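The values are calculated or read from the model by the stated rules, or taken from the named source; none is laboratory data. These numbers were taken from a predicted model, which means no experiment stands behind them. Cβ: placed from backbone, ideal geometry, glycine included. Neighbour counts: every protein chain shown. With ligands, DNA and RNA removed, areas are computed over all heavy atoms of the protein, side chains included. Shrake-Rupley method; radii C 1.70, N 1.55, O 1.52, S 1.80 Å.
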Amino acid sequence: MTDVQAPIRPKRKKNIMDLLVQFRWIVVIFVVLPLSFLYYFSIYVGDVRSECKSYKQRQKEHDENVKKVVKRLKDRNASKDGLVCTARKPWVAVGMRNVDYKRARHFEVDLSQFRNVLNIDTERMIAKVEPLVNMGQISRVTVPMNVSLAVVAELDDLTVGGLINGYGIEGSSHIYGLFSDTVVSYEVVLADGQVVRATKDNEYSDLFYAIPWSQGTLGLLVSAEIKLIPIKEYMKLTYKPVVGNLKEIAQAYIDSFSPKDGDQDNREKVPDFVETMVYTPTEAVCMTGRYASKEEAKKKGNVINNVGWWFKTWFYQHAQTALKKGEFVEYIPTREYYHRHTRCLYWEGKLILPFGDQWWFRFFFGWVMPPKVSLLKATQGEYIRNYYHENHVIQDMLVPLYKVGDALEWVNREMEVYPLWLCPHRLYRLPLKTMVYPEPGFELHKRQGDTKYAQMYTDVGVYYAPGPILRGEVFDGIEAVRKLESWLIENHGFQPQYAVSELTEKNFWRMFDGSLYENCRKKYRAIGTFMSVYYKSKKGKKTEKEVQDAEQETAEVETPEVDEPED
């Protein structure tokens, strides 16, 4: 049993909101799922039409759309119009935080046409794409060519722009880093309408390093060039059960991908993909994958599992069977493996549709899954949205690898959320100190998973209703998030900004480093045009006066110097 026991809480009184949430599946079944299917189909038709065009035609349309954005920005009257933001509706974003900054007076710029794959260059191994291209769209184009983005986030709906300006991770991030670490160049429209190309070694290198995590507050991203890697047709996936306390589970997870001799760059010792799911305080399943050819997968005796079929057992439940039958190996078609968590939205689908994992539902209705997250948000209303903020947890904790055991114990004690998702990623030591950065001097400790140039971190994904809520006990979700954020600050961890945050401005900049970001805000004239990243991601409604006052205060502060890493 785990050594960390959760506190005993009193029972909570249920109200009408509990009833509405309990039977929300009715709205999902009869409204959200049909609309989601139609929406996905229309997007698919649009993607196919785009793919039928030549690369030259797509680039020509892209250039014309960029000119429209430039003209729109130049038409803005800074003294009369609000701060610039995209014209996309607040509920369309996949993230769970409230996009309340759009309730203030604002100046909209339409980027809805920027959803095309512009070029797949298999010689340079570069994909040039627009910001609204999503993971499902690009994997559909690249995988048949036996190439792929180095980091393909699991959910189909996640877009390139969101993963760059925010946060993106996948089971290959222990090799390649976060999604933004695989970007080669950004095409950005600055506040004055100037179009620039930022790379790590040109005159806009500071902007290149400042864009990740900036939430689109330095300029408007209109395209990106992203690294491609060669792949094979299948993923050979090994499921290994782990039974023990949370510290033992954490160590088994670390051992699954990190050689104890420190040879982290040896691809013979390090798997291509890694993830672990913790199902209880004493049970987990570690999964490691390696690319495999079609010939290998179809050898006699090998098991092929097409997890992408609509009637298949949800992936997290399929992996859990390893706890009963022991370690096993199977081959999954590569693209189906990439999007293994899409149909059930990790395990959130179980809360949205309590019977959604039953065989009869999967067989007859699984083909219309998943419900589109934006439509779920659009149909929930403000009261239900606030209910979820207080009684639900959707958070990612990015913590140093050696502190994973401590993080698991903290979540068990304060939230009791299961399953938990563990996914490692490199946090690179870069030429400039960015908003997220490794611990100073990490390379001197020579810890398992670290190298001289990058510290290994882990995403602890906390998605579900907390144990106290499921038992009908009192649970203060807002206070729990505040404690989570304080724990992350104390342990040099980070909270992705898609989530609902309770951070004050002071604590926001204790968690993130703002020196490079603020320098770029001033240098590229973003202040007074784009909202600052804190006010864009903070919780609660924002008035135009509040934002403008904050912008003026920022503008009057002397430009901070950029911290350089120690040699």
Exactly one of ARG105, ARG97, ARG115, ARG88 is surrounded by fewer than 20 Cβ atoms within 10 Å (Cβ to Cβ), modelled with pLDDT under 95, under 21 Å from VAL222 (Cα atoms) and not β-branched (Val, Ile, Thr), and that one is ARG88
Would the stretch 468-478 turn up any residue that is without any contact (Cβ under 8 Å) to a residue 60 or more places away in the chain and touching an Asp or Glu at 6+ places or on another chain (Cβ under 8 Å)?
-> no
Could you give me the residue pairs with C-beta distances under 8 Å whose first residue belongs to the stretch 322-333 and is farther than 15 Å from PRO241 by Cβ and assigned to a strand (DSSP E or B), whose second residue is hydroxyl-bearing (Ser, Thr, Tyr) and modelled with pLDDT of 95 or more wherever it lies, and which are 6+ apart or on separate chains?
-> TYR331/TYR234; ILE332/TYR234; PRO333/TYR234
Of (1) more than 21 Å from VAL436 (Cβ to Cβ); (2) open to solvent by less than 10 Å² (accessible area, probe 1.4 Å); (3) of a type in the set (Ser, Thr, Tyr), SER173 satisfies all except one. Which?
-> (1)
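Would it be correct to say that SER180 is open to solvent by 10 Å² or more (accessible area, probe 1.4 Å), among the polar types (S, T, N, Q), under 18 Å from LEU430 (Cβ atoms) and modelled with pLDDT of 95 or more? Talk me through it step by step, then tell me what you get.
On the way: open to solvent by 10 Å² or more (accessible area, probe 1.4 Å): yes; among the polar types (S, T, N, Q): yes; under 18 Å from LEU430 (Cβ atoms): yes; modelled with pLDDT of 95 or more: yes.
For SER180, the condition - open to solvent by 10 Å² or more (accessible area, probe 1.4 Å), among the polar types (S, T, N, Q), under 18 Å from LEU430 (Cβ atoms) and modelled with pLDDT of 95 or more - is met.
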Given VAL274, VAL307, VAL278, which one is free of Cβ contacts under 8 Å to residues at least 60 places away in the same chain and either surrounded by fewer than 18 Cβ atoms within 10 Å (Cβ to Cβ) or closer than 27 Å to TYR464 by Cβ (or both)?
-> VAL307
LYS483 vs (1) modelled with pLDDT of 95 or more; (2) open to solvent by less than 10 Å² (accessible area, probe 1.4 Å): all pass except (2)
Given the conditions (1) in a helix (DSSP H, G or I); (2) at pLDDT 95 or above; (3) buried (at least 19 other Cβ atoms within 10 Å of the Cβ), which single one is not true for TRP360?
-> (3)
Kindly indicate whether any position in the stretch 452-468 is surrounded by fewer than 21 Cβ atoms within 10 Å (Cβ to Cβ), under 21 Å from ASN391 (Cβ atoms) and touching a Pro at 6+ places or on another chain (Cβ under 8 Å).
-> no
Residue, surrounded by the most Cβ atoms within 10 Å (Cβ to Cβ), within the stretch 226-269, restricted to residues that are assigned to a strand (DSSP E or B) and aromatic (Phe, Trp, Tyr) | TYR234
Of the residues in the stretch 173-204, those that are in contact (Cβ under 8 Å) with a residue 60 or more places away in the chain and in a helix (DSSP H, G or I) number 5
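Which is without any contact (Cβ under 8 Å) to a residue 40 or more places away in the chain and either open to solvent by less than 10 Å² (accessible area, probe 1.4 Å) or not β-branched (Val, Ile, Thr) (or both), of ASN412, ASN507, ASN491, ASN519? If you could, list the steps in order and put the result at the bottom.
Values: ASN412 fails: without any contact (Cβ under 8 Å) to a residue 40 or more places away in the chain; ASN491 fails: without any contact (Cβ under 8 Å) to a residue 40 or more places away in the chain; ASN519 fails: without any contact (Cβ under 8 Å) to a residue 40 or more places away in the chain.
Unique residue meeting the criteria: ASN507.
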Return yes when VAL45 is under 28 Å from LEU375 (Cβ atoms), modelled with pLDDT of 95 or more and β-branched (Val, Ile, Thr) and no when it is not.
-> no
